[in-house]
Amino acid sequence: MSEIKFGTSGWRALYHVDFTLANVRIVCQAIADEVRRSPRAENGVVIGYDVRFMGRDFAAAAAEVLAGNGIRVLLNDRHVPTPVISHAIVQNGLAGGINFTASHNPYEYNGIKYSPESGGPALPEATTRIEQGIEALRKRGEVKRMTLEQARKDGMVQSFQPREAYFEQIDGLVRTGELRKLGEKRIAVDCKHAVAQGYLDRFLSRHSVRVHALNEEPDPYFGHEHPEPSAGHIDKLQKYVADHEDVAIGLACDGDADRFGIVDEDGAFVEPNIVLALLLDYLAESRGWTGGVARSVATTHLLDRVAAARGMKLHETPVGFKYIGDLLTRGEIVFGGEESAGLTIEGHLPEKDGILACLLVAEMVAALNKPLRQLQAELFERHGRVLDRRDGVRLTAEMEQRLPEKLANPPAEIAGAAVTRIDRTDGTKLFLGEEEWILLRKSGTEPLVRLYAEATSAPRLDELIRACRAWLEA
């Protein structure tokens, strides 16, 4: 049995290998022990699940464990997005929440996302305590449980429907009046057979936007496609938008709706880093923002340029939205973004929200009455052209053994450019002058090095990736 570890956003594992009811109960007992440390423990927790296999059963098992530990539970009646769980925690002053989801991972996986009273992802000190608790529980096997029937009878578990309260929150953040400027134009929404259905499409329809929804029917197989709204995984949305001249934009979310995917009116996929920079520029202008901006070490420095031009302080964090969320909770930022299609803003949650991100992009396109390709061109004119890419290098046993020494002693030059600075905030980030950089991060779950690179042209980006791969493989 594998060791249960919480990554950048919870624990994920394969069905019937490690993700089993027995292991779920142990993890939830360790979470219950953590919840009892909260001053809000008496307020209880919220529990939800996505469309994956046995989601309702896992959520019921979690409710039995939490109730068995004397912790009240608000149990969702249907599948629910992660940002909605986060909102329920904050709005109801709860001690935390659990969502059963493997986010953008394929259907063979499930996972547990645990959020404390802040509503954001748990910070490392909390997940370390949970992991230690799991190991101790595995040795003594002591899990407290109450049957769901008894828990409901005793009032320890109550059914919960959070959508309307979440919609009220979004109504206060999105300028829905701007959406009406779309007129007869439509928005195409790819629900990915997941939890965005009934949220993203319904919110737009409520505000008089003409919507065409694709992949609406919830499906634990996600329509036999990958539930990540990234290039290569939203072909149907791209084709639909390209084939219909009356569609202004295409929007998509991942399996638990915390990530966004954007398609321009010509069917072209728009990289998340570009979306983040466009939104920061638009929101700072339209909302009059002057506060801080946060991005992870792997996210585009185009955000730095936009922030600098507007006199906004830039915060760089390790990879993992929990660090950005913590800055939002402490009031140090008004905008936070991560290259893996994560975003939040002032007045919202310390958790990434793909639904909100999609709605803000729709507002921007409607308000400015310009396609995203034009907005991107204008952004590059103001701040310079920046392109980025993420790649990966699979490690052999020999390469993995040599990796620590290689990263400790990186080359002085890559692809003809001198390494001018090294940043080890999270991984090894090599700066090549002022406009280019490469980040190398070892995966914590598989023999893989993730490569992130940024340059001013596509050929140069290719050159940097090739040179870095060759160095790692040599």
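Most simply put, the chain has about 60% antiparallel DSSP beta bridges, counting only bridges with both residues inside it.
For the range 163-203, the pair-distance distribution built from all alpha carbon pairs, in bins 10 Å wide starting at 0, is 24, 48, 28 percent. Across the chain, Cα-Cα distances exceeding 29 Å account for 49% of all pairs. Projecting the Cα positions of P411, A231, M146 onto the charge dipole of the chain (unit charges on Cβ atoms of Lys, Arg, Asp and Glu, taken about the Cα centre) puts M146 furthest along the positive direction.
Translational D (Stokes-Einstein, µm²/s) of the range 18-93 at 20 °C and 1.002 mPa s when Rh comes from the Kirkwood sum over C-alpha pairs? Could the numbers behind the result be given before it?
Values: Rh = 12.7 Å.
The Stokes-Einstein estimate is 169 µm²/s.
Apply 1/(1 + (r/R0)^6) to the Cβ-Cβ distance of F167 and A412, taking R0 = 56 Å, and write down the FRET efficiency to the nearest 0.05. That pair, F167 with A412, gives E of 0.55. Excluding same-chain residues fewer than 8 positions from K181, which aspartates and glutamates have a Cα within less than 12 Å of its Cα? Counting by Cα, and skipping residues close in sequence, K181 has these aspartates and glutamates nearby: E363. Among the protein heavy atoms, those of K239 account for about 130 Å² of accessible surface (1.4 Å probe, every chain in place). For the range 413-474, the alpha carbon positions stretch 32, 22, 20 Å along the principal axes, listed from largest to smallest.
Roughly how many debye, to the nearest 20, is the charge dipole of the range 314-413 about its Cα centre, given +1 on each Lys and Arg Cβ, -1 on each Asp and Glu Cβ, and no other charges? So the dipole magnitude of the range 314-413 works out to roughly 260 debye.
Ordering P121, G70, G111 by the projection of their Cα atoms onto the charge dipole of the range 24-133, which places +1 on the Cβ of Lys and Arg and -1 on the Cβ of Asp and Glu, puts G70 at the extreme positive end. Calculated on the Cα set of the range 237-336, radius of gyration then Dmax: 15.2, 45 Å. Only the Cβ atoms of Lys and Arg (+1) and of Asp and Glu (-1) were treated as charged; on that basis the dipole of the range 1-91 about its Cα centre amounts to roughly 120 debye. Would you please state the base-10 log of I(q)/I(0) at q = 0.27, 0.28 1/Å for the range 106-174, with intensities from the Debye formula using one equal scatterer on every alpha carbon? Cα-only, vacuum Debye calculation for the range 106-174: -1.08, -1.08. Each 10 Å bin from 0 upward holds the following percent of the Cα-Cα pairs of the range 331-436: 10, 26, 32, 22, 10, 1.
For the chain, the dipole from Cβ point charges (+1 on Lys and Arg, -1 on Asp and Glu) about the Cα centre works out to 960 debye, to the nearest 20.
By the Kirkwood approach, averaging reciprocal distances over each pair of separate Cα atoms, the range 58-136 gets a hydrodynamic radius of 13.5 Å. Here the alpha carbons of the range 69-115 define both size measures, Rg and Dmax, at 11.6, 34 Å.
To put it simply, the accessible area of the range 102-193 at a 1.4 Å probe is 46 percent carbon and sulfur.
Listed by chain and number, the lysines placed with their C-alpha closer than 20 angstrom to that of K139 are K5; residues fewer than eight positions away on the same chain are left out. Helix-only arithmetic for the chain: the sum of -39500 (n - 2.57) across DSSP H runs with n ≥ 4, divided by the residue total, places the mean residue ellipticity at 222 nm at -11500 deg cm²/dmol. Screening the chain for whole DSSP H helices with an alpha carbon extent of at least 15 angstrom along the helix axis and a mean Kyte-Doolittle hydropathy of at least 0.5 yields 21-35, 55-68, 82-92, 272-287, 354-368. Here the label points at Q150 and E446, each 7 Å from Cα along the C-beta direction, are separated by 4.3 nm in the simple model. Listed by chain and number, the aspartates and glutamates whose alpha-carbon sits under 15 Å from that of K313, ignoring those within fewer than 8 places in the same chain, are D281, D304, E332, E346. Summarising the label geometry, the points placed 7 Å from Cα in the beta-carbon direction at K370 and T420 lie 2.9 nm from one another. A Förster radius of 51 Å combined with the Cβ-Cβ distance from E3 to D243 puts the calculated FRET efficiency at roughly 0.60. For the range 110-232, the equivalent ellipsoid derived from the alpha-carbon gyration tensor has semi-axes of 38, 19, 17 Å in decreasing order.
With the gyration tensor restricted to C-alpha atoms of the range 273-330, the semi-axes of the equivalent ellipsoid amount to 18, 13, 10 Å, longest first. Percent of C-alpha pairs per 10 Å bin in the range 282-382, short distances first: 16, 48, 33, 3.
What is the gain in length, in nm to one decimal, between R36 and R469 on full extension, counting 0.36 nm per residue of separation less the C-alpha to C-alpha distance? Don't jump to the answer; show the numbers that get you there.
Working: separation 433, 0.36 × 433 = 155.88 nm, distance 4.72 nm.
Working it through step by step, the gained length comes to 151.2 nm.
Segment E285..R206, full-extension length gain: 25.8 nm, with 0.36 nm per residue of separation and the alpha-carbon distance subtracted.
Simple spin-label estimate for Q158 and Q401 gives 6.0 nm between the two label positions (7 Å along the Cα-to-Cβ direction from each Cα).
The values are calculated or read from the model by the stated rules, or taken from the named source; none is laboratory data. Just so you know, these numbers come straight off a predicted model, no measurement behind them. Methodologically, a virtual Cβ is constructed for each residue, glycine included, from the backbone with ideal geometry; neighbour enumeration extends over all protein chains shown. These accessible areas exclude ligands, DNA and RNA; they are computed on the full protein's heavy atoms, side chains included. Shrake-Rupley method; radii C 1.70, N 1.55, O 1.52, S 1.80 Å.
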